[in-house]
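Undergrad: Structure below; questions to follow.
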Amino acid sequence: MLADGADPDLENGWAESHAFIQSNLMAPAVATTSIAMATLATASSLAWRRQLLRVLGILTSGDQDDTADVCLDVVRRGTWILYEELAAMRSNLAAAGAYDLLNMMDEQKDRLRGYHAVVRDQLPPDLR
């Protein structure tokens, strides 16, 4: 699996100019979200996990609100993956990405508040 192999090219992200250009979402955005979530469920590389969460953050907050909303709905189906990222705390940057995505979901506010109380000190300062 690619996500367990070589580290991603973080300077020229694999989804850039394909699923999005800057904050403009492109036609493959929703499909890319599905692939990123599926890959996140099994990726063991920390660099890949951070990159996947960064890309998911862009895809769920892009300028095209309707497409970004559909991308967020795809992410919603895998909230367990995001909570696992928070609980495992393999990387505070990956956990911050998962936290940001969960924080976008109104229905997760109460549950996320409970997780926040437990992992607060391990998150980056802007999320404490």
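Undergrad: Please enumerate the residues belonging to segment 78-97 that are outside any loop (DSSP other than H, G, I, E, B), of a type in the set (S, T, N, Q) and over 22 Å from V30 (Cβ atoms).
TA: As a first pass, look at segment 78-97 and keep what is outside any loop (DSSP other than H, G, I, E, B): 79-88, 92-97.
Okay, now just the ones that are also of a type in the set (S, T, N, Q), so 79, 92.
Of everything in segment 78-97, just one residue is outside any loop (DSSP other than H, G, I, E, B), of a type in the set (S, T, N, Q) and over 22 Å from V30 (Cβ atoms), namely N92.
Undergrad: A further question follows. Can you tell which of T32, T42 is under 19 Å from M104 (Cβ atoms) and not aliphatic (A, V, I, L, M)?
TA: On the way: T42 fails: under 19 Å from M104 (Cβ atoms).
Checking each option against the conditions leaves just T32.
Undergrad: Okay, moving on. Can you find a residue that is farther than 12 Å from A15 by Cα, open to solvent by less than 40 Å² (accessible area, probe 1.4 Å) and not hydroxyl-bearing (S, T, Y) anywhere in segment 26-33?
TA: no
Undergrad: Only residues that are in a helix (DSSP H, G or I), open to solvent by 10 Å² or more (accessible area, probe 1.4 Å) and among the polar types (S, T, N, Q): list them for segment 34-77, please.
TA: S34, T39, T42, T67 - these are the residues of segment 34-77 that are in a helix (DSSP H, G or I), open to solvent by 10 Å² or more (accessible area, probe 1.4 Å) and among the polar types (S, T, N, Q).
Undergrad: Now a separate question. Go through G114, G97 for me and flag whichever is free of Cβ contacts under 8 Å to residues at least 60 places away in the same chain, at negative phi and under 14 Å from the mean Cα position of the chain (by Cα). So that I can check it myself, show each step before the final result.
TA: Details: G114 fails: under 14 Å from the mean Cα position of the chain (by Cα).
After applying the criteria, what remains is G97.
Undergrad: What's the number of the only condition in (1) within 23 Å of A117 (Cβ to Cβ); (2) in contact with a strand residue (DSSP E or B) (Cβ under 6 Å, 6 or more places away or on another chain) that E84 fails to meet?
TA: Tallying (1) within 23 Å of A117 (Cβ to Cβ); (2) in contact with a strand residue (DSSP E or B) (Cβ under 6 Å, 6 or more places away or on another chain), E84 fails exactly one: (2).
Undergrad: Then there's this: What's the number of the only condition in (1) out of contact with any Ser or Thr (no Cβ under 8 Å at 6 or more places or on another chain); (2) under 18 Å from E107 (Cα atoms); (3) touching a residue at least 12 places away in the same chain (Cβ under 8 Å) that Q51 fails to meet?
TA: Every condition holds for Q51 apart from (2).
The values are calculated or read from the model by the stated rules, or taken from the named source; none is laboratory data. Note that this is a predicted model, so its numbers are computed, not measured. Reconstructed Cβ throughout: ideal geometry from the backbone, glycine too, with neighbour counts over all protein chains shown. Remember, those area values only see protein heavy atoms, side chains included, never the ligands or the DNA or RNA. Shrake-Rupley method; radii C 1.70, N 1.55, O 1.52, S 1.80 Å.
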